[in-house]
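S.K.: If you scroll down you'll find the structure; I have some questions about it.
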Amino acid sequence: MALDYELSVENIKQHLEAAHDPILAIIRGQFFDAEWAFFRKNIFDQRVLVAGSGLGHDSFELAKYNKQVLGIELLEPLVEYSKNKLEELGLTNVSFEVGDITHLDFLHDKFDSAILNMGTIGNFDDKKKIISELLKVSDKVYFDFYLTTETCLEKRKRMYAEEKWINVRIEKFRIMSDDGLDSVPIYPAGIDSIVSSLGAKVKYHQFHEFSVMVEIEK
């Protein structure tokens with residue numbers, strides 16, 4: 001899922017809350033269960049960067065079994081929301097900063113892993129730039145992308161409908177809506193080309209019925 005940052009912050013917040021509503025978002029909940037099981041198996045006892053941390057859900061989950069977690073988010077109100085939630089949870093190994101993940105020069109620490117979730121990579125025009133920036137500050141980069149078979153597309157369309165996207169529809173493997181939300185496909189061949197040009201290595205892990213996790217390291 002990608003968010004149109006021209007939407008109001010309140011609308012963005014509502015969409016993110018809907019995606020994490022355990023009663024409303026049943027399909028998304030199953031996705032998160034699979035994703036977090038992958039994290040527990042592969043990303044633990046580490047220093048972790050969460051790129052595009054939103055309302056902080058992945059950061060809070062990863063903090064349970066990692067040394068330190070930093071969430072970077074472009075929108076300051078979402079960062080403030082995450083910080084307030086952090087105080088409620090009483091976690092001491094998580095922090096959040098306002099920042100642009102396309103330019104990570106402001107980060108001076110090194111991370112074991114960087115994570116970009118929910119298919120967000122597909123909505124960046126310059127995917128190589130994103131991957132390159134994350135590799136500058138971390139040993140490994142993880143991001144997921146969605147499969148584009150007819151069955152997978154229909155399942156995701158139902159998922160977004162559960163989350164109250166308006167007029168959800170499929171257009172040439174891309175899922176669109178009338179409220180500034182969309183989900184853009186990315187293909188392994190394109191990832192392979194980018195990774196090769198960066199002199200890195202890639203592994204693919206199918207952790208969910210319609211999503212694959214990519215693991216990249218130098």
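S.K.: Considering Cα pairs under 8 angstrom that are at least six residues apart, work out the relative contact order of the chain and quote it in whole percent.
M.R.: Taking the mean separation of contacting Cα pairs over the length of the chain, I get 20 percent.
S.K.: Suppose all protein chains stay in the model; what accessible area per residue would a 1.4 Å probe give for the chain, in Å²?
M.R.: 47 Å²
S.K.: Just need log10 I(q)/I(0) for segment 51-108 at q = 0.20, 0.22, 0.25, 0.30 Å⁻¹, Debye formula, equal scatterers on the alpha-carbon atoms, no solvent, rounded to two decimals.
M.R.: -0.66, -0.79, -0.98, -1.26
S.K.: By average Cβ neighbour count within 10 Å, what is the ranking of 43-50, 207-214 from highest down?
M.R.: Peptide ranking by packing, descending: 43-50, 207-214.
S.K.: Could you work out the local net charge near Lys127, counting Lys and Arg as +1, Asp and Glu as -1, over the other residues with Cβ closer than 14 Å to its Cβ?
M.R.: So the surrounding residues net to -3.
S.K.: Sticking with this one: Taking amide H atoms as placed 1.01 Å from N in the peptide plane, list the residues 5 or more away in sequence, or in a different chain, whose amide H sits under 5 Å from that of Met118.
M.R.: So Met118 has HN proximity to Asp144.
S.K.: Tell me what the chain gives for mean residue ellipticity at 222 nm when only DSSP H runs of n ≥ 4 count, each as -39,500 (n - 2.57), the sum divided by the residue total, rounded to 500 deg cm²/dmol.
M.R.: -12000 deg cm²/dmol, from helical runs alone.
S.K.: List the trypsin sites (Lys or Arg not before Pro) within segment 160-202 that fall in a DSSP loop (any state other than H, G, I, E or B) and whose Cβ has at most 13 other Cβ atoms within 10 Å.
M.R.: Taking segment 160-202 and a limit of 13 other Cβ atoms within 10 Å, the loop trypsin sites (Lys or Arg not before Pro) found are Lys172.
S.K.: Answer rounded, prolate or oblate for segment 1-84, using the Cα gyration tensor with square roots of eigenvalues a ≥ b ≥ c: rounded when a/c is under 1.5, else prolate when a/b is larger than b/c, else oblate.
M.R.: oblate
S.K.: Same structure, new question: Could you derive backbone 3J(HN,Hα) for segment 35-41 from the dihedral phi with the Karplus parameters 6.51, -1.76 and 1.60 (θ = phi - 60°), listing whole Hz in sequence and x where the residue is Gly or Pro?
M.R.: 5, 5, 5, 4, 4, 4, 7
S.K.: Could I have the simple spin-label model distance between Ser196 and Lys110, label points 7 Å from Cα toward Cβ, reported in nm to one decimal?
M.R.: For Ser196 paired with Lys110, the spin-label model returns 2.9 nm.
S.K.: Which ³J(HN,Hα) values, rounded to whole Hz and listed in residue order, are derived for segment 139-154 from phi using the Karplus coefficients 6.51, -1.76 and 1.60 in 6.51 cos²θ - 1.76 cosθ + 1.60 with θ = phi - 60°, glycine and proline given as x?
M.R.: Couplings: 6, 9, 10, 10, 8, 10, 9, 9, 6, 10, 5, 4, 4, 5, 5, 5 Hz.
S.K.: Classify segment 141-218: rounded, prolate or oblate, from the alpha-carbon gyration tensor (a ≥ b ≥ c, eigenvalue square roots; a/c under 1.5 rounded; otherwise prolate if a/b is larger than b/c)?
M.R.: Prolate.
S.K.: On the accessible surface of the chain, probed at 1.4 Å, how many percent belong to carbon and sulfur atoms?
M.R.: Reported share for carbon and sulfur atoms: 51 percent.
S.K.: I need the peptides 118-124, 72-78 ranked by packing, meaning the mean over residues of other C-beta atoms within 10 angstrom, with the highest value on top.
M.R.: Packing order, densest peptide first, comes out as 118-124, 72-78.
S.K.: Evaluate the chain: find the radius of gyration of its Cα atoms, find its Kirkwood radius, and give the ratio Rg to Rh.
M.R.: So for the chain, dividing Rg by the Kirkwood Rh gives 0.93.
S.K.: Using a/c under 1.5 as the rounded threshold, could you call segment 80-171 rounded, prolate or oblate? The axes a ≥ b ≥ c are square roots of the C-alpha gyration tensor eigenvalues, and prolate needs a/b larger than b/c, oblate otherwise.
M.R.: Note, shape of segment 80-171 comes out oblate.
The values are calculated or read from the model by the stated rules, or taken from the named source; none is laboratory data. Quick caveat: nothing in here was measured; it's all calculated off a predicted structure. Cβ sites come from the backbone with ideal geometry, for glycine too, and all protein chains shown count toward neighbours. These accessible areas exclude ligands, DNA and RNA; they are computed on the full protein's heavy atoms, side chains included. Shrake-Rupley method; radii C 1.70, N 1.55, O 1.52, S 1.80 Å.
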